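Undergrad: Before anything else, here's the structure in question.
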Amino acid sequence: MISYTNVPGNRFISASTVKASVLSEILHNAGGNLNGYQQGLVARMIRNSDNDATTTLINTYLGGNSELNHIFHDLGMSASYTGEHWGWTLTTPEDQLKLLNEIYYKHGNSYLNDASRNYIKSLMIQFLQVKIGGFRQVVHHST
């Protein structure tokens, strides 16, 4: 994996980007098997960027913000850290690439199983379709 930044070592506030880590950690802990309630929360978190759903998932299924640090450790995301609030998670582009590598390029059972990877990818595609559809509506109405 190759990464480049013009500010080496600089960490950024991840904001909603951390939701991919939240989802990955929940799927890892559950072996990829989410119940209907969890699936609903996850869908709201990813598709709608719902912060309340994210907080519920972290508190109920991860055991709090600090537990999110497990995925960072396990995937070698050494510059990423969650403190008091998940929305203030610090990360680097290089660390985010490690997560994306786990989701998009690994196969079999590593940190995530293939079913979990496919589930994450399908939610991300749905998110993009909603965002692109909204963008098209704005462009259409402004012309």
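All of the numbers you see were taken from the coordinates with simple rules; none came from a lab. The structure presented is a predicted model; accordingly, all values stated were derived computationally and were not measured. Note that each Cβ is placed from the backbone with ideal geometry, even for glycine, and that neighbours are counted across all protein chains shown.
Undergrad: Confirm whether His28 is more than 13 Å from the chain's Cα centre (by Cα) and either crowded, with 18+ Cβ neighbours inside 10 Å or touching a residue at least 40 places away in the same chain (Cβ under 8 Å) (or both).
TA: Numbers: more than 13 Å from the chain's Cα centre (by Cα): no; either crowded, with 18+ Cβ neighbours inside 10 Å or touching a residue at least 40 places away in the same chain (Cβ under 8 Å) (or both): yes.
Taking the combined requirement at face value, the residue does not satisfy it.
Undergrad: Follow-up. Restrict the check to the stretch 44-64 and report whether at least one residue is of a type outside the set (Ser, Thr, Tyr), surrounded by 21 or more Cβ atoms within 10 Å (Cβ to Cβ) and closer than 15 Å to Tyr119 by Cα.
TA: The first filter runs over the stretch 44-64 and keeps only residues of a type outside the set (Ser, Thr, Tyr), leaving 44-48, 50-53, 57-59, 62-64.
Next, from what is left, pick out any that are surrounded by 21 or more Cβ atoms within 10 Å (Cβ to Cβ): 45-46, 57-58.
After this cut, where a residue has to be closer than 15 Å to Tyr119 by Cα as well, the list is 45-46.
Yes, the stretch 44-64 contains at least one residue that is of a type outside the set (Ser, Thr, Tyr), surrounded by 21 or more Cβ atoms within 10 Å (Cβ to Cβ) and closer than 15 Å to Tyr119 by Cα.
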